[in-house]
Amino acid sequence: MTIKVAIVGVGNCSSALVQGTNYYRNASEDEDVPGLLHVNMGGYHPRDLEFVAAFDVDATKVGRDLSEAIFAYPNNTRKFSEVPRLGVEVQKGPVMDGLGKYLKGYVKESEAEPVDVAEELKASGAEVVVNYLPVGSEQAVRWYAEQAIKARCAFVNCMPVFIASDPAWQKRFAEKGLPVSGDDVMSQIGATVLHKALAKLMVDRGVKITESYQLNIGGDTDFLNMLEEARLISKRISKTSAVQAMVPYDVPLRIGPSDYVPFLDNKKICYVYLKGEYFGGTPVQIDVKLDVWDSPNSGGVVIDAVRASKIALDRGVSGPLISPSAFCFKHPPEQMPYEVAKRRFEEFVEGRRER
Ligand SMILES: NC(=O)c1ccc[n+]([C@@H]2O[C@H](COP(=O)([O-])OP(=O)(O)OC[C@H]3O[C@@H](n4cnc5c(N)ncnc54)[C@H](O)[C@@H]3O)[C@@H](O)[C@H]2O)c1
């Protein structure tokens, strides 16, 4: 059984996803693979993801086999797998607002004519479209979601333009009998899950949190693009709402991308700070530094989200996938503490929960 996957945006996250499905190709069913809920999820192995289409706009990627395009400049994540030729040529999509102020000067747009994406999706037999467009691509993301609907594909939205968490889009996918999940991947051991866990720990231990920030820096095109504050509105909402949801009162929070440091490449450094008061009004402060490669951090989570979409398609479940989204994304239709989301996602996989 395969899952036919189309990718929108062949950047660092696509690289980690494609490399990961190859890296874990021979994982045995009882193996504990870091970052995956299970090797066998609902009958699907990571190697069952078959990439059938890919879209980008960058001249270094368009026209190349996906196995080469994932390593093309300016992608700069870790290479941890030799991906064999996939026989999938990256096709040119429309640019729209995909390239912001900073990316325009950095990415050379391909001169190829944009293809008819919905028709290409249909011709490829794609079942699940994974969206990895740059932050702030409001128009382009909605357009690609529309193409997924036209081609009758499930949609997995890995970035913070709100689709799965937007009631109007939920309705549109539900009406067409298609599942949708998102929004904005929550990395395996990233800033959001760490910050959520620390906030929840303080609340559970009766500490009153008085203020908190989370500052993030990185050296890839994602961070370059995020220098443009106007493109960050939904990113800040997504990241902030994930942490605020763990605290039953309002806390002054400042959370988001903070700077672009080119020599970090795809590494991301995150500083989390929480200040509070415990017994007798006594002050407490937590400062944590997290140092990770950003894209491999999302690879396993997206493999799980894709498999959840396929399970939903198999079962005829449509509309927003509540539990898989709560586990895999920062801004899901319904926020849950991590352990609750994980339990419900397991129940969904086992067929004990519809969505
Ligand atoms: N752990 C993580 O890395 C993580 C976590 C959460 C969310 N995200 C989000 O996932 C998205 C992808 O991240 P990334 O690191 O791969 O970014 P990236 O900059 O490496 O990749 C984006 C790709 O989209 C392409 N693109 C731009 N406009 C396009 C268009 N109109 N049509 C098709 N392709 C287009 C670019 O050329 C580039 O190849 C970003 O929005 C990021 O914020 C990533």
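Every number in this text was worked out from the coordinates using simple rules, so none of it is lab data. For clarity, every value in this text was computed on a predicted model and none was experimentally measured. When we count neighbours, we look across all protein chains shown, and the Cβ atoms used for this are built from the backbone with ideal geometry, even at glycine.
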For V185, residues with placed amide H under 5 Å, excluding near neighbours: M159, K330
Quick one: Debye curve from the alpha-carbon atoms of the chain only, equal weights, vacuum; give me log10 I(q)/I(0) at q = 0.08, 0.09, 0.12, 0.15 Å⁻¹ to two decimals. -0.36, -0.46, -0.83, -1.31
If contacts are Cα pairs under 8 angstrom and at least 6 residues apart, what is the relative contact order of the chain in percent? 20
Fully extended, how many nm does the chain gain between R343 and E82 (0.36 nm per residue separation, minus their Cα-Cα distance)? 90.5 nm
Segment 1-112 - convex hull of the alpha-carbon atoms, volume per residue in Å³: 115
Around A53, under 15 Å between beta carbons, what's the net of Lys plus Arg minus Asp minus Glu among the other residues? -1
In nm, to one decimal, how far is the modelled label at I217 from the one at A123, with both set 7 Å along Cα→Cβ? 4.6
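Report the relative contact order of segment 191-293, percent, no decimals, based on alpha-carbon pairs under 8 angstrom and at least 6 residues apart.
Over segment 191-293, the number comes to 38 percent.
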The extension gain from D97 to I189, computed as 0.36 nm times the residue separation minus the Cα-Cα distance, is 30.1 nm
Taking 0.36 nm per intervening residue step and subtracting the Cα-Cα distance, what contour gain separates D32 from A168 on full extension? 45.1 nm
Order of I163, I311 from fewest to most other C-beta atoms within 10 Å? I311, I163
Please give me, ordered by residue number, the trypsin sites (Lys or Arg not before Pro) of segment 139-228 that lie in loop per DSSP and have at most 16 other Cβ atoms within 10 Å. R152, K176, R205
Taking a label point 7 Å from the Cα of E334 along Cα-to-Cβ, the residues of segment 172-208 whose backbone nitrogen sits under 11 Å from it are none
Residues meeting the amide H criterion for I255 (H placed from the backbone, H to H distance under 5 Å, 5 or more places apart or on another chain) are Q214
Mind giving me the FRET efficiency for D116 and D250? R0 is 45 Å, r the Cβ-Cβ distance, nearest 0.05 is fine. 0.45
With angles folded into 0 to 90 degrees, how steeply does helix 191-204 sit against the dominant principal axis of the chain? Use alpha carbons for both and round to 10. 30
Tell me, which longest segment in the chain has none of the GluC sites (Glu not before Pro) that fall in DSSP loops with at most 11 further Cβ atoms within 10 Å? 112-349
At 222 nm, what value in deg cm²/dmol follows for the chain if DSSP H runs of at least 4 each add -39500 (n - 2.57) and the sum is divided by all its residues, to the nearest 500? -10000 deg cm²/dmol
